[in-house]
Amino acid sequence: MDSNTNRPDYTGGGIVNLAASLIEARGGRPRAPTLRALPTAELAAARHVVLVVLDGLGSRWLARHAPGSLLAQRQVTELTSVFPPTTASAVTTFLTGLAPQQHGLTGWFMWFRELGCVMSVLPGTPRYGGVGYGKAGVDLQRLLGHESLFAQLATPSVAVSPSWIARSDFNLAHLGPARLLTYKSLKQMFRRAARAIRQAREPSFFYLYWPGLDGIGHEQGIESPQALAHFNEIDARLADFTRAIAGTDTAVLVSADHGHLDRGPDDIVALADHPDLADCLALPLCGEPRAAYCYVRPDRVERFTAYCRDVLGDRFALHRSQDLMTTGLFGDGPPHPRLAERIGDFTLISRGRALIHEQLPTEDTFEQIGVHGGLSAEELYVPLCLVRA
């Protein structure tokens with residue numbers, strides 16, 4: 001489970017390639033290679049195409065816990081997420097068709113030099129708290145410069161999102177021309193999608209996002225009975241959904257943004273317990289607890305690297321962030337113009353189950369059990385399932 005064992009595939013076996021195949025299948029021009037395992041023509045032949053993103057569903061977990069499920073039986077292949085395998089980066093890939101190398105969102109916490117602030121990217125608030133992008137007068141669509149996946153399609157689109165986040169600045173910035181449907185429960189998500197499919201008068205694309213498994217994984221652990229029970233509910237509701245849209249000539253693809261790994265009580269490295277390391281940093285740790293971007297004071301670089309090697313080396317691999325960018329960990333091709341400043345000087349990538357956490361004065365104690373953002377197989381690999389209706 002070392003940090004150097006696994007790498008994202010951006011050439012035809014990753015979620016960015018799934019997004020590319022969806023764009024091509026709906027008449028657009030993708031900016032990444034399409035999937036190797038699923039011919040685009042097969043998707044293009046369907047009247048409707050549905051993508052269901054189940055936040056937090058790893059393919060290794062699926063094979064281990066639910067081999068007899070509908071999803072396991074209909075799994076076409078295993079894909080990699082992006083780096084880091086976390087919602088802020090991976091869902092942005094689904095919503096833009098771009099790898100993090102191009103879309104430039106690199107984790108839950110990000111230093112936006114143009115805002116002079118470390119932001120919590122998805123809720124859109126400064127890390128210390130306060131109002132979100134819109135209320136602060138920030139035009140997020142202009143700030144990010146992303147073209148929505150839905151704007152790249154030649155067919156109508158419908159985005160089916162949780163009511164509690166559907167109209168967030170982040171989601172609205174990526175909605176493009178898609179019609180928005182909201183829901184309050186798993187059952188309602190599938191019901192509203194089924195109704196929209198049956199009412200569609202022309203070939204369309206439908207994007208469904210469900211965050212429930214990820215939330216349970218964080219709070220209870222992905223290996224918990226609660227996680228398995230919730231997955232079984234998802235699997236049953238999906239079966240109901242496919243029966244409800246039977247005869248509509250719909251290809252239903254199911255995948256995920258990342259998997260999970262449960263950490264133990266001794267796996268947290270608290271930055272507060274390492275004051276000599278903290279003294280080397282110019283900004284709070286950014287990114288993810290399992291892939292932390294470190295902004296190092298210029299006069300402390302040697303001290304910082306020695307500390308990481310001698311004290312943390314058995315739990316984290318230290319990389320120059322520029323090297324990760326040039327060797328393609330974030331994706332292929334020309335980078336986003338601000339990518340380098342969003343990944344710090346160095347990146348600590350977890351070995352094993354370790355994570356490193358910095359608690360700011362306004363933040364609660366870190367209590368998540370299921371974690372992600374590192375390069376273990378549990379976090380990086382996600383399923384791609386296909387059900388026809």
Quiz item: What length, rounded to one decimal in nm, is gained on full extension from L283 through to V301, with 0.36 nm per residue of separation minus their alpha-carbon distance?
Solution: 5.1 nm
Quiz prompt | Integer Hz, Karplus 6.51/-1.76/1.60 couplings in order for the range 93-101, x for Gly and Pro | solution = 5, 4, 8, 10, x, 10, 6, x, 3
Quiz item: Residues with amide H under 5 Å of T77's amide H, sequence separation 5 or more or different chain, H placed in the peptide plane at 1.01 Å from N; which?
Solution: L384
Quiz item: Based on Cβ point charges of +1 for Lys and Arg and -1 for Asp and Glu, what charge dipole magnitude is obtained for the chain about its Cα centre, in debye rounded to the nearest 20?
Solution: 1680 debye
Quiz item: For the range 301-362, what relative contact order do you get, as a whole percent, if you take Cα pairs closer than 8 Å and at least 6 residues apart?
Solution: 42 percent
Practice problem: Report the longest stretch of the chain that contains none of the chymotrypsin sites (Phe, Trp or Tyr not before Pro) sitting in a DSSP loop with at most 16 other Cβ atoms within 10 Å. | Solution: 165-365
Quiz item: Antiparallel DSSP bridges in the chain: what percent, to the nearest 5?
Solution: 55 percent
Quiz item: the range 1-80 to the range 273-345: how many Å between their Cα centroids?
Solution: 30 Å
Practice problem: Could you list the trypsin sites (Lys or Arg not before Pro) in the range 180-254 that lie in coil according to DSSP, counting only those with at most 15 other Cβ atoms within 10 Å of their Cβ? | Solution: K184, R201
Quiz prompt | Helix-only mean residue ellipticity at 222 nm for the chain, each DSSP H run of n ≥ 4 adding -39500 (n - 2.57), per residue, nearest 500 | solution = -8000 deg cm²/dmol
Practice problem: Enumerate the calculated ³J(HN,Hα) couplings along the range 187-202 in order (Karplus 6.51 cos²θ - 1.76 cosθ + 1.60, θ = phi - 60°), each rounded to whole Hz, writing x wherever the residue is Gly or Pro. | Solution: 4, 5, 4, 5, 5, 5, 5, 4, 4, 5, 5, 5, 8, 5, 9, 8
Exercise. Please give, to one decimal in nm, the separation of the simple spin-label points placed at K184 and A244, each 7 Å out from Cα toward the Cβ.
Key: 1.6 nm
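Computed from the coordinates by the stated procedures, all read-outs in this text should not be read as laboratory data. Worth saying up front: this structure is predicted, and the values here are computed from it rather than measured. Methodologically, a virtual Cβ is constructed for each residue, glycine included, from the backbone with ideal geometry; neighbour enumeration extends over all protein chains shown.
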